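A.B. asks: To start, I am sharing the structure in question, which I have written as structure tokens.
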Amino acid sequence: MNMQKKRYVLKFPSQSGDKPLSYHLVKDFDIRINILKAEVRPGKTGSLVLELEATSSNLKKGIAYLEENHVSCEPLNKKITWDHVRCIHCGNCTAVCFAGALEMDHQKWELQFDSEKCIVCELCVPACPLNLFEIDFRQ
């Protein structure tokens with residue numbers, strides 16, 4: 001069984017709050033869910049950044065189920081790039097990186113960036129005094 005991990009941005013309409021959508025993804029489609037970022041307000045639209053892990057077939061079925069329930073599902077097709085050559089390792093960006101993708105190596109006093117942990121919340125972009133972070137849209 002070949003498992004895949006994919007990240008999606010889900011946008012929920014205001015009327016979708018009464019349905020146990022994530023429950024059905026897990027139970028009916030055997031999809032493992034990791035919530036990376038959530039902005040959900042009762043009675044209003046909401047959005048989630050999720051990492052979904054399942055077989056390719058189950059991912060397709062789960063995404064189709066969400067779309068049938070009026071949830072838009074966009075693959076997360078952007079990433080953060082960082083100009084490490086020009087970085088002065090001040091650590092400003094680590095203060096806003098709640099995902100833990102940006103951390104200081106306290107032995108070397110150098111910034112470390114783990115792109116696998118990055119959820120592209122974009123908080124590091126304005127936090128950097130040298131503007132060394134950019135959004136890279138992938139195809």
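A.B. asks: Of all residues in segment 36-48, which are part of a strand (DSSP E or B) and either modelled with pLDDT under 80 or small (Gly, Ala, Ser) (or both)?
C.D. replies: Once the filter is applied, which keeps residues that are part of a strand (DSSP E or B) and either modelled with pLDDT under 80 or small (Gly, Ala, Ser) (or both), segment 36-48 yields ALA38, GLY46, SER47.
A.B. asks: Of the residues ARG86, ARG32, only one is closer than 20 Å to LEU123 by Cβ and modelled with pLDDT of 90 or more; which?
C.D. replies: None of the others qualify; the one that does is ARG86.
A.B. asks: Test ALA64 against the stated conditions and say whether it is in contact (Cβ under 8 Å) with a residue 40 or more places away in the chain, closer than 28 Å to MET1 by Cβ, outside any loop (DSSP other than H, G, I, E, B) and small (Gly, Ala, Ser).
C.D. replies: Working: in contact (Cβ under 8 Å) with a residue 40 or more places away in the chain: no; closer than 28 Å to MET1 by Cβ: yes; outside any loop (DSSP other than H, G, I, E, B): yes; small (Gly, Ala, Ser): yes.
Here the answer is no, as ALA64 does not meet what is asked.
Residues are listed down the side, and each one gets a yes or a no for (1) hydrophobic (A, V, I, L, M, F, W, C); (2) crowded, with 16+ Cβ neighbours inside 10 Å; (3) touching a His at 6+ places or on another chain (Cβ under 7 Å); (4) modelled with pLDDT of 95 or more:
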residue	(1), (2), (3), (4)
ALA64	yes, no, no, yes
GLU68	no, no, no, no
ILE80	yes, yes, no, no
LEU102	yes, yes, no, yes
ASP114	no, no, no, no
PRO129	no, no, no, yes
ILE135	yes, no, no, no
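A.B. asks: Inspect all residues belonging to segment 16-29 and state whether any of them is modelled with pLDDT of 85 or more, touching a helix residue (DSSP H, G or I) at 6+ places or on another chain (Cβ under 9 Å) and either under 21 Å from CYS118 (Cα atoms) or part of a strand (DSSP E or B) (or both).
C.D. replies: No, the conditions are met nowhere in segment 16-29.
A.B. asks: Given (1) assigned to a loop (DSSP other than H, G, I, E, B); (2) on the phi < 0 side of the Ramachandran plot; (3) not polar (S, T, N, Q), identify the lone condition not met by ILE33.
C.D. replies: Evaluating ILE33 over (1) assigned to a loop (DSSP other than H, G, I, E, B); (2) on the phi < 0 side of the Ramachandran plot; (3) not polar (S, T, N, Q) leaves (1) as the failure.
A.B. asks: For a quick check of your reading of the model, give me the residue pairs whose first member lies in segment 87-116 and is farther than 30 Å from ILE35 by Cβ and without any contact (Cβ under 8 Å) to a residue 40 or more places away in the chain, whose second is outside any strand (DSSP E or B) and of a type in the set (Lys, Arg), with beta-carbon atoms closer than 9 Å and at least 6 apart or on different chains.
C.D. replies: Every condition considered, the pairs that remain are HIS89/LYS108.
The values are calculated or read from the model by the stated rules, or taken from the named source; none is laboratory data. Keep in mind that this is a model prediction, so the values were computed, not measured. With ideal geometry, Cβ positions are generated from the backbone for all residues, glycine too; neighbour counts draw on all protein chains shown.
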